[in-house]
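The values are calculated or read from the model by the stated rules, or taken from the named source; none is laboratory data. From a predicted model like this one, the values you see are computed outputs, not experimental measurements. Cβ coordinates were reconstructed from backbone atoms using ideal geometry, including for glycine residues, and neighbour counts include every protein chain displayed. Note: accessible area is taken over every heavy atom of the protein model, side chains too, but ligands, DNA and RNA are not part of it. Shrake-Rupley method; radii C 1.70, N 1.55, O 1.52, S 1.80 Å.
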Amino acid sequence: MPTTLRSYLQDRWIEGQGPLATLLNPATEEPLAQTSTAGLDLGAALDHSRAKGGPALRELTFTRRGEILRVWAKALHAHRDELIALAMANGGNTRGDAKFDIDGAIATLAHYADLGSQLGSLKVLRDGEALQLGRTSRYAGVHLLVPRDGVAVHINAFNFPGWGTAEKAATALLAGMPIISKPATSTALVAHRLSEIGVETGALPPGAFSFLCGSPGDLLDRLGPQDVVAFTGSSQTANKLREQLGRRGVKLNVEADSLNAAVLGPDVQPGSATWDLFIADVARDITQKAGQKCTAVRRIFVDESQLAAAQEALVERLSAVRVGDPARDEVTMGPLSTGAQLRDIRAGIARLAAESETVFGGDGSVKALAPEGKGFFVGPVLLVARDAAAAKVMHTDEVFGPVATLAPSASMAAQLVRRGGGGLVCSAYSDDRDFLRELVLSVAPYHGRIYLGSEKVAGQTFGPGTVLPQLVHGGPGHAGGGEELGGLRGMQLYSQRVAVQGDRAILDAIAPAAI
Ligand code: NAP
């Protein structure tokens, strides 16, 4: 009998009643756990967070809030192997994929812990300098960022249960908002354990942290204008939430789909450091986490003269991938997370193949190193679009698996990148500054982040798929229009910006400037 996961509401662990959802190992289809949120009193949970968690956090200085994050990060580090094992079992992650998620969670918490200690004894952030408004400097105005007086509801996608939970928690708690964190049900084991470890530290003030393990029930219908929903997931769910929450005046941040592009500059020659970086980054992005990464490269634009060599180099990399159960040492790419994902991705590959030529991986069928007939496996697939300007699917459908389309772009690379309708990250590889300047300025309005790969930085980049807490994450249009992280910028989602004008000495007493 698989264990039943509990939610953490009103500072206690509690089991839902009624129909249970089952969490599987996607490589073996073995049931691992079950969960339900039916019958849980979400109204009381929200009241508790608002009445206890918000005031308790707002009372703490940034240093103290940062300490909570530091203690949590250290506790996760102490349980790192256990969390990695859970990610491998429930997420279909290889060990490397699992480390990417768990270490990302720890590093992001630690980064925000550092920001907390840098902000010191302040409790409220100033946005910019005080401005003289009167005849003398005595009469002034200042913009403050104060924590919103509600609850931050965090809804995460299935693909990063560790990092997704931690990055949202870090920014909200440092900003001074209590949270209710809801993981995707299918891969909730990591988020559940990460939450247990956080609670076990004893560092979280009462009401500051809650965890809802399964369906959100009527939680969102109970939110109001002081609350925030930070959502990561598909565009379809995002659209439902926009409608549901817009009516209620709830602040909503959406991190959704993205048709991330990689562009190779015409100057880059096969065998150069920049070329090798491009091939390594793109091949990693296609296969890491079986392509179930919101930042993964989906479209690859090269010059016609580079097409054959790029195709050959990528096919060589993809041919070396060994798909199977991540519990086996020789496996380098695991399964997709769910059966539903497998069906979606197989259908997506067929749609892409209708307008492009498949040069590797066929329809995604694969003989996996796994128990016969079990698991949600798909092999890596590379397609080539001879006419990327005429193609449609490659620019509109996010096929959320190990699948990418390569295309000659001639001088139209920037236009083709923009056809994605707004992305999380665009990567460009070149040592030609003029080419990069033109490309960056042309695609910048359509992206949250741009990654430049060149000879001089080839040895020190993390690849475009790695989201860093120092830099903003999110993107316009298709990508959801949201923004998270970016150091202190990430706290703005959880804050009200208020202009306060009056006697400068009184303003200083209310909210001192940072030293
Ligand atoms: P999803 O089906 O939209 O689910 C995302 C989350 O929303 C899950 O926690 C899900 O809960 C919840 N949910 C579903 N319907 C809901 C509703 N009506 N009300 C409230 N919550 C609801 O997406 P997914 O399949 O998990 O994730 C894959 C997608 O996420 C991909 O498109 C990927 O690009 C995107 N993604 C984006 C980012 C980013 O940072 N931009 C990062 C990762 C993933 P249940 O699991 O309980 O149904």
Subject >> Euclidean distance between Cα centres, the stretch 276-302 to the stretch 1-45, Å >> reply: 34
Original post:
Can you work out the FRET efficiency for the pair Val315 and Asn239, with r the C-beta to C-beta distance and R0 = 51 Å, to the nearest 0.05?
Top reply: 0.85
Original post:
Taking the Cα atoms only, what angle lies between the long axis of helix 433-443 and the longest principal axis of the chain, rounded to 10 degrees?
Top reply: 60
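Determine the relative contact order of the chain: mean sequence separation of Cα pairs under 8 Å and six or more apart, normalised by residue count, in whole percent.
18
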Original post:
Got a number for carbon plus sulfur as a percent of the stretch 113-191's accessible area, 1.4 Å probe?
Top reply: 52
Original post:
When ranked by the protection proxy of mean other Cβ atoms within 10 Å per residue, highest first, what sequence do the peptides 393-400, 15-22, 119-126 form?
Top reply: 393-400, 119-126, 15-22
**OP:** Set the Förster distance to 22 Å, then compute FRET efficiency between Asp432 and Thr461 from the Cβ-Cβ distance, nearest 0.05.
**Re:** 0.80
Original post:
What dipole magnitude, in Debye to the nearest 20, does the chain give about its Cα centre under +1 on Lys/Arg Cβ and -1 on Asp/Glu Cβ?
Top reply: 1420
**OP:** Evaluate the distance, in nm, between pseudo-label points positioned 7 Å from the Cα of Glu200 and of Arg95 along their respective Cα→Cβ axes.
**Re:** 2.3
Original post:
At what distance in nm do the modelled label points of Thr396 and Ser442 sit from each other, each positioned 7 Å from its Cα along Cα→Cβ?
Top reply: 2.3
**OP:** Place +1 on the Cβ of every Lys and Arg and -1 on the Cβ of every Asp and Glu in the chain, take the dipole about the Cα centre, and give the residue among Gln306, Leu83, Ile286 whose Cα lies farthest towards its positive end.
**Re:** Leu83
Subject >> For Ala238, net neighbour charge (Lys/Arg +1, Asp/Glu -1) across residues whose Cβ lies under 12 Å away >> reply: -1
Original post:
Sorted by mean Cβ packing within 10 Å, highest first, what order do the peptides 402-411, 201-210 take?
Top reply: 402-411, 201-210
Original post:
If you put +1 on each Lys and Arg Cβ and -1 on each Asp and Glu Cβ, how big is the dipole of the stretch 261-469 around its Cα centre, in Debye rounded to 20?
Top reply: 700
Subject >> Paramagnetic label zone (point 7 Å from Cα along Cα-to-C-beta, Ala505; backbone N under 20 Å) in the stretch 130-165 >> reply: 130-142
**OP:** Multiply the residue separation of Ala513 and Arg322 by 0.36 nm, subtract the distance between their alpha-carbon atoms, and state the gained length in nm to one decimal.
**Re:** 63.2 nm
Original post:
Under the rule of -39500 (n - 2.57) per DSSP H run of 4 or more residues, summed and divided by the residues of the chain, what mean residue ellipticity at 222 nm is obtained, to the nearest 500 deg cm²/dmol?
Top reply: -10500 deg cm²/dmol
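Pull out the extension gain between Arg64 and Ala350, defined as 0.36 nm times the separation in residues minus the alpha carbon to alpha carbon distance; nm, one decimal.
97.7 nm
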**OP:** May I ask you to evaluate 6.51 cos²θ - 1.76 cosθ + 1.60, the Karplus curve with θ = phi - 60°, for each residue of the stretch 376-393 and list the ³J(HN,Hα) values in order in whole Hz, giving x for glycine and proline?
**Re:** 9, 9, 9, x, x, 10, 10, 10, 10, 9, 6, 10, 5, 6, 7, 5, 10, 4
Original post:
Cβ under 15 Å from Gly249's Cβ, Gly249 left aside: what net charge do those residues give with Lys, Arg +1 and Asp, Glu -1?
Top reply: +2
Subject >> Beta bridges by DSSP in the chain, antiparallel share as percent, to the nearest 5 >> reply: 40
Subject >> Projected label distance in nm at Glu82 and Val359, using a 7 Å step from Cα toward the beta-carbon >> reply: 4.8
**OP:** Quick one: work out the % antiparallel among DSSP beta bridges in the stretch 261-469, nearest 5.
**Re:** 10
Original post:
What length, rounded to one decimal in nm, is gained on full extension from Arg489 through to Asp218, with 0.36 nm per residue of separation minus their alpha-carbon distance?
Top reply: 94.5 nm
Subject >> Degrees, to the nearest 10: 273-287 long Cα axis against longest axis of the chain >> reply: 80
**OP:** May I ask for log10 I(q)/I(0) of the stretch 185-243 at q = 0.14, 0.20, 0.24 Å⁻¹, from a Debye sum over the Cα atoms as equal point scatterers with solvent left out?
**Re:** -0.54, -1.01, -1.20
Original post:
What is the mean projected area of the alpha carbon convex hull for the chain, to one decimal in square nanometres?
Top reply: 24.9
Subject >> Accessible surface, the chain, averaged per residue in Å² (probe 1.4 Å) >> reply: 40
Subject >> List His143, His447, ordered by accessible area with a 1.4 Å probe, largest first >> reply: His143, His447
Original post:
With Cβ to Cβ distances under 11 Å as the rule, what net charge do the other residues near Arg126 carry (K, R +1; D, E -1)?
Top reply: -2
**OP:** Kindly express, to the nearest 10 degrees and within the range 0 to 90, the angle between helix 339-353's C-alpha long axis and the longest C-alpha principal axis of the chain.
**Re:** 50
Original post:
About its Cα centre, what dipole magnitude does the stretch 61-163 give when the only charges are +1 on Lys and Arg Cβ and -1 on Asp and Glu Cβ, stated in debye to the nearest 20?
Top reply: 500
